[in-house]
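Just passing along the structure, written as structure tokens.
The values are calculated or read from the model by the stated rules, or taken from the named source; none is laboratory data. For clarity, every value in this text was computed on a predicted model and none was experimentally measured. Here the Cβ is made from the backbone with ideal geometry for all residues, glycine too, and neighbour counts use every protein chain on show.
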Amino acid sequence: MTRSVAWLGLSLLIACDAAADGSPSADASEGDTAEDTHVSGETTVETTPDVSDPDVAPADATSPDELAPPTRGFQIRTPPITVASGGEETYCYYFSVPSDEEVGVKRWESLMTAGSHHLILYFTAEAVEPDGTVTRDCDGFGTGQGLSNVPVWTYSTQTRRGEMVMPEGVGMKVKARQHGFVQMHYLNPTLAPLDVVVAINGHTFAPGEPYQQAAAFVTYHTGIRIPAGVGQTASAQGTCRVRDGLTFFTLSTHAHKRAVMTTVLDGEATIFQSDDWEHPGAMRWDDGYTFTGDLTYRCDYVNDRDDVVSSGQSADANEMCMAVGYFYPAQRPTFCINSLVVSQ
């Protein structure tokens, strides 16, 4: 059975030899209850998780302060950060995972203050900043101080309530006192300052419980150029080799607001497509999916500005074209820049 879940990731990193291995995905849920959206052909059915589970955040939890730590696992919580009226800001909060033993995460969940555009959880081999530090205008890529400490994309979501449940027996290894940071992108269109907080729970396997390690497959296009002028069109596309023997369990795309269509193909066959740049959804394969050809990702754009739009981080001024999937078995993430696989 194939199902689609609301999911979105953002930003670029290149991790050739980072010490933190594997990266689970981030499913995201819209509204006041965490939901999965199941898609089969033209039929869509929405289901809601069992909120009687003590590890599921209450449906009326609207503030990160209301997200209780997991029964087994750990929680990462940022301090309050103030975003000025009319501001578009990116902040990073640096931490060490509060666990004195190596653990395996089988499920992520998160809750963000209203006004969020996205969060990304990165792991690093060494501490980039002292625990508790908050920095501004950090972009994830390049934050880790060299190839030996490049950030590893671990979890991400664009909606206030996010969740990722990995397949049975699949998880992510998290080292004791694992270093990392949370990147938070906030837009505040209101007339008042906005105090924002992010809380992330990592639900773990029982000690000694076996699991296969998961990791991310991330593509990024650096050559986007939409000609100046409202209504001008352009496309960006890359093709990346997928190593044999990998089983994917979820896959999605990311672009900004000028994208009118994003597509992922396995060889010549379309396996994912969305015309909603902000909430593209994601394919989730309960029984896993194995590529038979190369992975091709494509984004089609229509300009809404008078000037040229190119690749970049700003959700307002720039564009992106990414495909992000998660697979197992894995030892490290795979990254493909344009059509060049730089780590596999």
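Would you pick out the residues in the stretch 151-173 that are modelled with pLDDT of 95 or more and of a type in the set (A, V, I, L, M)?
If the condition is that a residue be modelled with pLDDT of 95 or more and of a type in the set (A, V, I, L, M), then Val170 is the only one that fits.
Any residue in the stretch 170-188 that is part of a loop (DSSP other than H, G, I, E, B) and closer than 30 Å to Glu278 by Cβ?
From the stretch 170-188, those part of a loop (DSSP other than H, G, I, E, B) are 175-178, 188; that's our starting set.
In the following step, the residues that additionally are closer than 30 Å to Glu278 by Cβ were identified as 188.
There is at least one residue in the stretch 170-188 that is part of a loop (DSSP other than H, G, I, E, B) and closer than 30 Å to Glu278 by Cβ.
I would also like to ask the following. Which condition from (1) over 27 Å from Met172 (Cβ atoms); (2) touching a Gly at 6+ places or on another chain (Cβ under 9 Å) is the one that Val309 breaks?
Tallying (1) over 27 Å from Met172 (Cβ atoms); (2) touching a Gly at 6+ places or on another chain (Cβ under 9 Å), Val309 fails exactly one: (2).
For the stretch 62-120, give me the residue count where each residue is among the aliphatic types (A, V, I, L, M) and in contact with a helix residue (DSSP H, G or I) (Cβ under 9 Å, 6 or more places away or on another chain). Can you show your working first?
Start the filter on the stretch 62-120 by keeping residues that are among the aliphatic types (A, V, I, L, M), which leaves 67-68, 76, 81, 83-84, 97, 103, 105, 111-112, 114, 119-120.
Narrowing further to those that are in contact with a helix residue (DSSP H, G or I) (Cβ under 9 Å, 6 or more places away or on another chain): 111-112.
Count: 2.
Further question: Checking Thr250 against (1) more than 25 Å from Ala125 (Cβ to Cβ); (2) at pLDDT 95 or above: exactly one of these is not met. Which one?
Tallying (1) more than 25 Å from Ala125 (Cβ to Cβ); (2) at pLDDT 95 or above, Thr250 fails exactly one: (2).
Does Thr204 meet the test of being modelled with pLDDT of 95 or more and surrounded by fewer than 20 Cβ atoms within 10 Å (Cβ to Cβ)? Spell out the reasoning first.
Numbers: modelled with pLDDT of 95 or more: yes; surrounded by fewer than 20 Cβ atoms within 10 Å (Cβ to Cβ): no.
Considered against the rule, which asks whether it is modelled with pLDDT of 95 or more and surrounded by fewer than 20 Cβ atoms within 10 Å (Cβ to Cβ), Thr204 comes out as no.
Listed here are the residues, each with its yes/no results for (1) modelled with pLDDT of 85 or more; (2) farther than 26 Å from His254 by Cα.
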| position | (1), (2) |
| --- | --- |
| Pro54 | no, yes |
| Ala61 | no, yes |
| Pro64 | no, no |
| Pro79 | yes, yes |
| Lys106 | yes, no |
| Tyr122 | yes, no |
